[in-house]
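Here the structure comes first, spelled out in structure tokens, and everything after it is commentary.
Just so you know, all these numbers are worked out from the coordinates, no wet-lab data involved. The shown structure was predicted, so the numbers you read here are calculated from the model rather than taken from an experiment. Cβ placement follows ideal geometry from the backbone for every residue including glycine, while neighbour counts extend to all protein chains displayed.
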Amino acid sequence: MKNNRLGIIGGGQLGMFICIAAKKKNIKSIVLSESEEFSAKNFCDRYFISDFKNLNNLDKFIDSADYFTIETENVPISIIHYIEKKKKVFPSSKVIEIAQNRLKEKKFLNSIDGIKTTKYLQPKNFDDFKYASKNFNFSCILKSTKLGYDGKGQYKISKNNLEIFKEFDFNNFILEKVVDFKKEVSVIIVKSKENTINYPTVENIHKESILRESFYPAKISKKVESDAITKSFMIANQISLNGVLAVEMFILENDQILINELAPRPHNSGHWSMDACNESQYDNLIKSIFFDKLTSPQVIRKCRMINLIGSDYKKIESLKRKYICYDYYKKEIRNSRKMGHYIILDQLNS
Ligand code: ADP
Ligand code: MG
């Protein structure tokens, strides 16, 4: 097969799973990593260790592959534009640019008829911030517009901690109203040249803003399930998706859906698809890039995916005796760091 080389920007666990899926389809994977040690290192065919912004190395990386994808949206958009001048990126810079900036993302989402996010404001200074917080009944979150993940760059605001932000630089931050949600769910959409498919809605449990667990089937009504999927398709169409997009959502008490955020790549809440579906989100990402047609994934098991975060990782050896476990081969255990995950399967009709 010609043109069978995939360049992946970032080499974390998502990059690692992309490499494994690529190999199954005889696609060569080439990783660009900013750190010396990275999860995908032993799974890719080739790698470059370099600051993303080093153009000399970036040129070599671009020459080394035919198509490109990302495993993190936290890549300077100028780099994606640079690659796009020569080769195709999945998803395109347009999608990444929106999904990597909370403000652009919120404006984009709310511009779509029938799609809503929580309310948000852009405080310019401390007085503005105090006023905005009051507007949200002091129940809000200050979030960096860029480079956030796993709750990083976020501050919970209450009446008691306002003064801490007196000297704060509010540039590149938005203030979001806290959503009193009943559930969090997500939908993963994959779009190829010929068609668009979705994974069924999964339910997500976060603790301290980090995903702990995703399970299928989500405990939601058929109506909410279908609404979540319709909304995800509307977003994918409006953004002109190519590749994978994950849509994170809040379900309110009255079953209204607010979109939380978008991820322009495979998603932690889609890991379950590796073990409980005939084709995973990673398989379909590869197909969307190298093959024209996608087939709707078939779910073969009920599934719970549980993240091993920080010192949870110490349990991995004993968990391996009972469950399917995935090690991300990170050299060092750090608080809040995703180190691996495990999978609990059950019969569909149980
Ligand atoms: P990240 O990019 O770190 O995933 P998110 O905005 O998705 O950032 O926030 C992480 C988690 O924090 C969410 O999944 C949710 O559990 C909680 N959270 C974030 N924003 C809100 C909000 N406005 N209201 C209620 N919970 C929120
Ligand atoms: Mg999130």
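Annotations for the structure displayed:
- For Cys277, Cys19, order by how many other beta-carbon atoms lie within 10 Å, fewest first: Cys277, Cys19
- Listed residue (Val187, Gly114, Leu175) projecting farthest to the positive dipole end of the chain, Cβ model: Val187
- Highest mean first, the peptides 252-261, 305-314 sorted by other C-beta atoms within 10 Å per residue fall in the order 305-314, 252-261.
- Charge dipole magnitude, Cβ of K and R +1, D and E -1 - the chain, Cα centre, debye nearest 20: 340
- Sites listed here are GluC sites (Glu not before Pro) in the range 1-63 whose DSSP assignment is loop and whose Cβ has at most 13 other Cβ atoms within 10 Å: Glu36, Glu37.
- Dipole-positive endmost among Ser336, His271, Gln298 within the chain (Cβ charges, Cα centre): Gln298
- What the Cβ-Cβ distance of Lys87 and Lys23 gives, at R0 = 30 Å and to the nearest 0.05, is a FRET efficiency of 0.90.
- Rounded FRET efficiency, nearest 0.05, which uses the C-beta distance separating Lys331 from Asn195 and R0 of 30 Å: 0.15
- Cross-link table Lys60/Lys104; Lys119/Lys231; Lys207/Lys338; Lys104/Lys166; Lys107/Lys177, entries beyond 20 Å C-alpha to C-alpha: Lys60/Lys104; Lys104/Lys166
- Vicinal HN-Hα couplings computed from phi for the range 33-41 (Karplus, 6.51 cos²θ - 1.76 cosθ + 1.60; Hz; Gly/Pro x): 10, 8, 10, 4, 9, 8, 4, 7, 3
- Note on Glu332, Glu279: ascending count of other Cβ atoms within 10 Å places them as Glu332, Glu279, the fewest first.
- Residues within the reach of a label modelled at Asp346 (point 7 angstrom out along Cα to beta-carbon, backbone nitrogen below 18 Å), restricted to the range 290-320, are 299-307.
- Thr117 long-range amide H proximity, modeled H, under 5 Å: Ile259
- Counting only residues at least eight positions apart within a chain, or on another chain, the aspartates and glutamates with an alpha carbon under 12 Å from that of Lys24 are Glu279, Asp283.
- Aspartates and glutamates whose Cα lies under 15 Å from that of Lys87, excluding same-chain neighbours fewer than 8 positions away: Asp59, Asp63, Asp66
- Reachable aspartates and glutamates from Lys191, criterion Cα separation under 12 angstrom, eight or more residues apart if same chain: Asp292
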